[in-house]
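The values are calculated or read from the model by the stated rules, or taken from the named source; none is laboratory data. Everything quoted here is computed from the prediction, not taken from an experiment. Note that each Cβ is placed from the backbone with ideal geometry, even for glycine, and that neighbours are counted across all protein chains shown. Only protein heavy atoms, including side chains, enter the accessible area calculation; ligands, DNA and RNA are left aside. Shrake-Rupley method; radii C 1.70, N 1.55, O 1.52, S 1.80 Å.
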Amino acid sequence: MAYRTRTYLAADWTTDIEVIDKLRSWNDSDYWGLSFTDAHDLMQSKDTSLNCSIKSSLGDRMDASKTFVLVVGTKTKTLKAGSCYYCKDYDFDKHGCKHGWSTSSKSFIEYECDKAKRDGLKIVVLYNSGYVFKDRCPDSLKDEGRHIAAFHWEGSTKKWNYTNIKSAIMN
């Protein structure tokens, strides 16, 4: 069994990448005290992989993680990417996988959230917003872990909630 030493970052990588980039820049900086080992450095899945093999790869990375950080944006709860129904090898006539594997309607995000909760990982939910909007959070994590707005506004200036984020991830 692998030791759980990594931090797993999950998000809608198309719309919430700004928060992920900020976390990674703090982590890579000599100035900021955020320090974690990113689980995604272990391996990457190919975009051409089947959804089930991508989920397997995600699961391997999560198995090495002790902390799960979910970035919640406006689309997080409604994302469907990762569902078998959107896989090129899903047979709609037979309602199953062309390879005979079991199917799931869960998106990548739903899969990651459910696994993090099931595995008892420390859960941090960051909202790509100045407010915590729990209605945007996947149902399985609404009442789990620590929920934090990633930033706040001071006039027209966006201020990142670095201290709260660092405390949630590192402690």
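Quick check: the angle from helix 108-118's long axis to the longest principal axis of the chain, C-alpha only, nearest 10 degrees? That works out to roughly 70 degrees.
To check you understand DSSP bridge types, tell me what percent of the beta bridges within the chain (both residues inside) are antiparallel, rounded to 5.
Numbers: 6 of 22 bridges.
Antiparallel: roughly 25 percent of the beta bridges in the chain.
Our estimate of slack between TYR162 and ASP28, defined as 0.36 nm per intervening residue step minus the Cα-Cα distance, is 46.8 nm. Adding -39500 (n - 2.57) for every DSSP H run of four residues or longer, then dividing by how many residues the chain holds, sets the calculated 222 nm ellipticity at -8000 deg cm²/dmol. Restricting the chymotrypsin sites (Phe, Trp or Tyr not before Pro) of the range 73-105 to loop positions (DSSP other than H, G, I, E, B) with no more than 16 neighbouring Cβ atoms within 10 Å leaves PHE92, TRP101.
State whether the range 75-130 is rounded, prolate or oblate according to the following rule on the C-alpha gyration tensor (a ≥ b ≥ c being the square roots of its eigenvalues): a/c under 1.5 gives rounded; otherwise a/b larger than b/c gives prolate, and the remaining case gives oblate. Write out the running numbers ahead of the final one.
On the way: a/c = 4.75, a/b = 1.93, b/c = 2.45.
It is oblate, given that a/c is not under 1.5 and a/b is not larger than b/c.
For TYR3, neighbours were defined as the other residues whose beta-carbon sits under 12 Å from its Cβ, and their charges (Lys and Arg +1, Asp and Glu -1) total +2.
In terms of packing, defined here as the mean over residues of other Cβ atoms within 10 angstrom, the peptides 159-167, 4-12 line up highest first as 4-12, 159-167.
Annotation: SER129 carries an accessible surface of approximately 10 Å², with a 1.4 Å probe and no ligand, DNA or RNA atoms counted. Amide H to amide H distances under 5 Å link GLY96 with ASP91, where only residues 5 or more positions off or on other chains count and H is placed in the peptide plane. Among the listed pairs LYS55/LYS94; LYS75/LYS159; LYS55/LYS166, those whose Cα-Cα separation exceeds 26 Å are LYS55/LYS166.
Within a Cβ distance under 14 Å of SER65, other residues only, what is the Lys/Arg minus Asp/Glu net charge? Provide the component values of the computation, followed by the final result.
On the way: positive: ARG4, ARG6, ARG61, LYS66, LYS115, LYS117, ARG118, LYS122; negative: ASP38, ASP41, ASP60, ASP63, GLU112, ASP119.
Result for the neighbourhood of SER65: +2.
What does the charge add up to near ILE109, with Lys and Arg as +1, Asp and Glu as -1, over the other residues with Cβ less than 12 Å from its Cβ? Residues near ILE109 contribute +1 overall.
In the chain, the longest principal axis of the Cα atoms and the axis of helix 17-28 are about 60 degrees apart. Using the Karplus curve 6.51 cos²θ - 1.76 cosθ + 1.60 with θ = phi - 60°, what ³J(HN,Hα) values do you get for each residue of the range 7-13, in whole Hz, with x for Gly and Pro? After applying 6.51 cos²θ - 1.76 cosθ + 1.60, I find 10, 9, 9, 10, 5, 7, 5 Hz.
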